[in-house]
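Report on the following structure.
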Amino acid sequence: MSQYMLPHHVFVCHEGEHVVFLDVQQDRYFALERGLFRGLDKLVRGWPAIGGPGDPRPDLVRLLLSKGLLVPGDRAGKAAAPISCAEPVDELTAESWGESVRIRPIHVIHFCRAVLAAKLSLRLCRFQTTVRRATKDVARRARRVRLDIRCIHELVAIFAWLRPFLFTSKDACLFEALALRTFLARFGVHASWVFGVQAKPFLAHCWLQYENCVLNDGVGRVRRYTPIMCIE
């Protein structure tokens, strides 16, 4: 049988009774019922055996190929295994800081630069370009070493204290996560950018984590979502 793979810009997760794809290149999600995918593990490298026994449906394979969610195995691609992401167990949110913060000029400068960079990137660039640039920028600025948790927690609190002066976080998880990730990177903090989905009803959300600690949301809320992409 022919073998297929995921394109490098496509991510997948299994959420309840659905399979959800994220196409970063098109900035679109696709969700299909889990039962349609029975037997697909025989054709797609890394695909888990789900949906019960049976043979893969040729019409489904054709649909996924036409949507650009699969590529033939002789082309550049990756295995279709779901991502591995640390399960959140704690949170380092501004609300849980509980102390006063000392804001220095360098915090204000980096905050303004991070917010401006996030705003320009989301307004002028495609989502795929934003993700690629954010990844390179953070990798260049942040040190991949274990930093003091209290320092990270205070930086998150400082960002939240400054936030109302330039933007609100209501219905802006993408913008806030990108701006906070850029802000933290300027102080040497490498935070993971996690994207998650709910299938029924369909909802998409993103947040930041430092190891297994959520930085800009509550553990209870993000656990409602199944991670589909994690940008380290």
Roughly what % of DSSP beta bridges within the chain run antiparallel, to the nearest 5? 90 percent
Among the lysines, which fall within straight-line cross-link reach of K200, defined as a Cα-Cα distance under 23 Å, with same-chain neighbours fewer than 8 residues apart omitted? K67, K170
For K42, give me every one of the aspartates and glutamates with a C-alpha distance below 19 angstrom, ignoring sequence neighbours fewer than eight places off in its own chain. E33, D55, D59, D74
Mind giving me the nanometre distance, one decimal, between the label points for D90 and Q26, set 7 Å out from Cα along Cα→Cβ? 4.1 nm
Within a 10 angstrom radius of the beta carbon, how do Y4, Y29, Y225 rank from fewest other beta carbons to most? Y29, Y225, Y4
Quick one, could you list the DSSP H helices from the chain stretching 24 Å or more along their long axis (Cα atoms) with average Kyte-Doolittle hydropathy of 0.5 or above? 105-124
Packing-based ranking, highest mean first, of 39-45, 128-134 given that Cβ atoms within 10 Å are counted: 39-45, 128-134
If I model a spin label as a point 7 Å beyond the Cα along the Cα-Cβ vector, how far apart are those points for L36 and L203 in nm? 2.4 nm
Quick one: what are the phi-derived ³J(HN,Hα) couplings along segment 8-23, Karplus 6.51/-1.76/1.60 with θ = phi - 60°, whole Hz, x for glycine and proline? 5, 8, 10, 10, 9, 8, 10, 10, x, 8, 10, 10, 10, 10, 10, 9
On each of the three principal axes of the Cα atoms of segment 69-118, give max minus min coordinate, whole Å, ordered largest first. 56, 30, 14
Here the chain gives, from Cα atoms, an Rg and Dmax in Å of 19.4, 63
In nm, spacing of pseudo-spin labels at E99 and L120 (7 Å Cα→C-beta vector): 3.5 nm
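Coordinate-derived values only; no laboratory data. Small disclaimer: the values here were computed from a predicted structure and weren't measured. Ideal geometry is used to build each Cβ from the backbone, glycine not excepted, and the neighbour counts take in all protein chains shown.
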